[in-house]
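A short write-up of the structure that comes next.
The values are calculated or read from the model by the stated rules, or taken from the named source; none is laboratory data. Note that the structure is a prediction, hence the values are computed from the model and not measured. Cβ coordinates were reconstructed from backbone atoms using ideal geometry, including for glycine residues, and neighbour counts include every protein chain displayed.
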Amino acid sequence: MIQLHDKFFKPFISEKEIQQAVQRIADKVAEDYKGQTPIFVGVLNGSFMFVADFLKAYQHPCEVSFVKLSSYQGLTSTGIVETLLDLPDNIEGRSVIILEDIIDTGRTLKELVHLFSNTNVKEFKIASLFYKSEVYNGEYAIDYFGIEIPDRFIVGYGLDYNELGRNLKEVYELNQKHMINLVLFGKPGAGKGTQAEFLKEQYNLKHISTGDLFRFNMKNNTELGQLAKSYMDKGDLVPDEVTIKMLQEDVEKNPDASGFIFDGFPRTTAQAEALDTFLATKGMKIDATIALEANDEILIQRLLERGKVSGRSDDQDEDKIRNRFDEYNQKTAPLKDFYEAQGKFHSVNGIGAIDEITMRLGKVIEEL
């Protein structure tokens with residue numbers, strides 16, 4: 001097992017298997033191009049090791065050049081492919097073979113085809129060391145490939161995670177623990193905090209309350225705390241990116257957690273989308289959103305009783321409580337639609353004994 005940045009990776013493909021695959025591709029290309037001098041075009045950065053070993057295995061006349069494209073950030077493809085280094089000039093009328101490190105969705109391949117469509121090459125073919133057939137869109141033929149692999153995030157032998165791991169001789173795959181990431185909804189008094197405490201113990205989850213994060217950062221006068229305070233002092237809302245940054249720091253502090261309970265965020269559809277985007281960069285996702293549902297009148301009585309102990313003025317005024325409920329309903333309705341569209345919204349009865357409610361929540365989690 002190795003660690004790169006905040007992620008752990010386990011061995012997947014040995015150096016011997018890789019070299020055998022490289023040799024197979026080189027032998028097949030040599031057989032197809034007897035008596036010719038093809039141009040091999042490596043796709044940087046990932047293919048540099050593959051190109052070097054391929055050329056050692058291909059002991060026939062040839063030329064080599066490189067293009068540079070980019071579409072990956074963290075663990076996910078941005079979906080936007082940039083051309084960072086153009087094609088060589090001397091390819092007109094020549095046979096060109098692209099040397100790719102890996103073909104997955106085909107976005108980079110599509111950009112390569114587009115690049116060559118504006119040239120007068122005799123022909124061009126695609127050779128890839130690794131090939132994720134289950135996610136490839138199948139738009140173009142893959143002429144040569146070394147090893148077909150499932151849709152896993154891999155590093156090593158030229159492939160990176162945020163620029164680390166390219167120099168490894170073997171290939172490693174992301175060590176994916178079965179993580180459970182939850183968003184917990186509930187009106188004031190519904191018992192979110194109480195249930196989050198039980199769930200985090202039972203499932204080794206980290207409870208992240210945005211209210212707690214703000215209090216911690218502001219109390220400790222962190223850079224993010226100062227930034228949040230600067231907006232609050234002006235009477236402005238704290239931008240979503242500041243809150244996301246606080247969440248990110250807390251997630252990265254807990255690499256051994258089996259998942260996270262997000263409490264108090266997201267509050268809007270835009271925040272839900274921002275949370276999805278952030279989690280995707282960590283190879284994570286929201287598995288379920290759970291709303292603790294309870295009758296307003298019962299919750300009002302709970303809060304009024306709590307107010308006698310807590311001393312909170314907003315727990316002692318029924319009108320203020322109802323206003324908080326109205327605000328919750330207005331904000332949560334679009335979020336319910338957002339997560340229902342993803343098949344992730346679950347409603348749980350929040351009335352009853354604490355252990356009964358915990359069992360209901362546990363049932364939802366066990367079914368994930």
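Any chance the range 310-324 includes a residue that's more than 26 Å from the chain's Cα centre (by Cα), closer than 22 Å to Pro239 by Cα and either surrounded by 15 or more Cβ atoms within 10 Å (Cβ to Cβ) or at pLDDT 85 or above (or both)? The answer is yes, given that some residue of the range 310-324 is more than 26 Å from the chain's Cα centre (by Cα), closer than 22 Å to Pro239 by Cα and either surrounded by 15 or more Cβ atoms within 10 Å (Cβ to Cβ) or at pLDDT 85 or above (or both). For Leu292, the requirement of being farther than 23 Å from Tyr339 by Cα and either part of a helix (DSSP H, G or I) or of a type in the set (A, V, I, L, M) (or both) is not met.
Can you pull out every residue in the range 153-162 that is under 15 Å from Ile2 (Cβ atoms), part of a loop (DSSP other than H, G, I, E, B) and out of contact with any His (no Cβ under 9 Å at 6 or more places or on another chain)? Within the range 153-162, Phe153, Tyr157, Asp160 qualify. Looking only at residues of the range 337-360 that are under 21 Å from Ile298 (Cβ atoms) and touching a residue at least 60 places away in the same chain (Cβ under 8 Å), we find that the one that is surrounded by the most Cβ atoms within 10 Å (Cβ to Cβ) is Gly350.
For the structure I just gave you, tell me whether Gly146 is closer than 20 Å to Gln3 by Cα, surrounded by 15 or more Cβ atoms within 10 Å (Cβ to Cβ), outside the structural domain of Arg322 (by TED's automatic domain parsing) and in contact (Cβ under 8 Å) with a residue 24 or more places away in the chain.
Working: closer than 20 Å to Gln3 by Cα: no; surrounded by 15 or more Cβ atoms within 10 Å (Cβ to Cβ): yes; outside the structural domain of Arg322 (by TED's automatic domain parsing): yes; in contact (Cβ under 8 Å) with a residue 24 or more places away in the chain: yes.
Against the criterion (closer than 20 Å to Gln3 by Cα, surrounded by 15 or more Cβ atoms within 10 Å (Cβ to Cβ), outside the structural domain of Arg322 (by TED's automatic domain parsing) and in contact (Cβ under 8 Å) with a residue 24 or more places away in the chain), Gly146 does not qualify.
Whenever a residue of the range 42-55 is not assigned by TED's automatic domain parsing to the domain that holds Glu15, it has no partner that is part of a helix (DSSP H, G or I) lying with C-beta atoms less than 9 angstrom away and at least six residues away or across chains. The residue pairs whose first member lies in the range 131-142 and is free of Cβ contacts under 8 Å to residues at least 24 places away in the same chain, whose second member is surrounded by 14 or more Cβ atoms within 10 Å (Cβ to Cβ) and assigned to a loop (DSSP other than H, G, I, E, B), and whose beta carbons are closer than 9 Å, counting only pairs six or more residues apart or on different chains, are Ser133/Ile142; Ser133/Ile149.
Applying the criterion of being among the polar types (S, T, N, Q) and assigned to a helix (DSSP H, G or I) to the residues of the range 318-346, the residue that is nearest to Glu367 (Cα to Cα) is Thr332. Counting the residues of the range 149-167 that are surrounded by fewer than 17 Cβ atoms within 10 Å (Cβ to Cβ) and under 29 Å from Ile261 (Cα atoms) gives 3.
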